[in-house]
Amino acid sequence: MSVTILAIESSCDETAAAVVKDGREVKSNIIYSQIELHKLYGGVVPEIASRKHVEKINQVITAAVDEAEVTWDDIDAVAVTYGPGLVGALLVGVSAAKAIAYAKHKPLVGVNHIEGHIAANYIENSDLKPPFMCMVASGGHSHLVYVKDYTSFEIVGRTRDDAAGEAFDKVARAIGLGYPGGPKVDKLAREGNPSAIAFPRAFMEDAPYDFSFSGLKSAVLNYLNGCEMKDIEVNKADVAASFQQAVVDVLTTGSVRAAKEYGCEYLALAGGVASNSLLRKELETACKENSIQFFYPSPVYCTDNAAMIGVAGYHDYVAGVRGGLNLNAVPNLKIGERLG
């Protein structure tokens, strides 16, 4: 039986809605980005993000339904991100989804945002099926997740402090690139020497699959401060390339090692940092060397979007997951948790 999901995403600074059929076919994927608005402040301002979601949420939902050329009778369920994320932003999407579910008499499915990022890999990769290892790297999360089944997950490793994307943003700010930092560091790094500066790679002895990027971030700041004190001109491209190489080395080593230990034939990449060109290249090379198939989404499905929520929502819906009209935003929702 065919299942069509209307999905809503508003966990941070993208207001998004999509219509997804059978967990693989994206009929529409509408995204309103607030990047230009938050550039003025060097990062996301939660209050501004929430207000803009309120302004745009109905527009993107209407656009998603219209572009998909479906009627409300064609929609089988409404899926919405309810965590993790910014609580005010999440509440806008959750409130809209509950209103639609109530008014149109549709089942409501609450979706974990991180599980949505993992599910983005299913959209264009028909060969990808659980079990597999997935590296989720974004501005707020760095997780190594063993995907046992479409709705069953085991966290193998996680960041001890800064997430990878957060480190990219902070280093970008330090060298004057502005927000958002990830794409700008990636672009500038192509002009630099990744071996120019010996930045540290942190590996946890007690937890080999955990990550730590605060020491690397501090090393970059110390290097920049040292150059300033000694009146040495900074080669920003070399800083960007050397920093990026350190992050990619750690993520690649941990991901491939975990995939091998868990006996995975597949390794997937997800989250905003999954757009990073060097990370894709080095993971692909490492996977080939270890006879592991490597998967990653197109850039539009790496950043926050509703299509990925529709895919994850489809699998939750088929598994019998339902949210009541008391569904609430859970800003610190963990992978695998089922609340509301």
Identity of the residue in segment 215-229, of a type in the set (A, V, I, L, M) and more than 24 Å from residue 138 (Cα to Cα), that ends up farthest from the chain's Cα centre (by Cα): 229
Is it the case that segment 207-214 has a residue that's within 11 Å of residue 244 (Cβ to Cβ), surrounded by 15 or more Cβ atoms within 10 Å (Cβ to Cβ) and either among the aromatic types (Phe, Trp, Tyr) or under 22 Å from the mean Cα position of the chain (by Cα) (or both)? no
Name the single residue, out of those in segment 24-45 being outside any strand (DSSP E or B), more than 18 Å from the chain's Cα centre (by Cα) and not basic (Lys, Arg), that is nearest to residue 80 (Cα to Cα). 45
Say whether the condition of being of a type in the set (Ser, Thr, Tyr), surrounded by 15 or more Cβ atoms within 10 Å (Cβ to Cβ) and in contact (Cβ under 8 Å) with a residue 40 or more places away in the chain is met by at least one residue in segment 268-276. yes
Segment 59-89, subset among the aliphatic types (A, V, I, L, M) and more than 18 Å from residue 307 (Cβ to Cβ), residue surrounded by the most Cβ atoms within 10 Å (Cβ to Cβ): 89
Report, by residue number, each residue of segment 1-27 that is among the small types (Gly, Ala, Ser) and surrounded by fewer than 22 Cβ atoms within 10 Å (Cβ to Cβ). 2, 23
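Each value in this text was obtained by applying a stated rule to the coordinates, not by laboratory testing. Given the structure is predicted, the values throughout are model-derived calculations rather than measurements. Cβ atoms come from the backbone with ideal geometry, glycine included; neighbour counts cover every protein chain shown.
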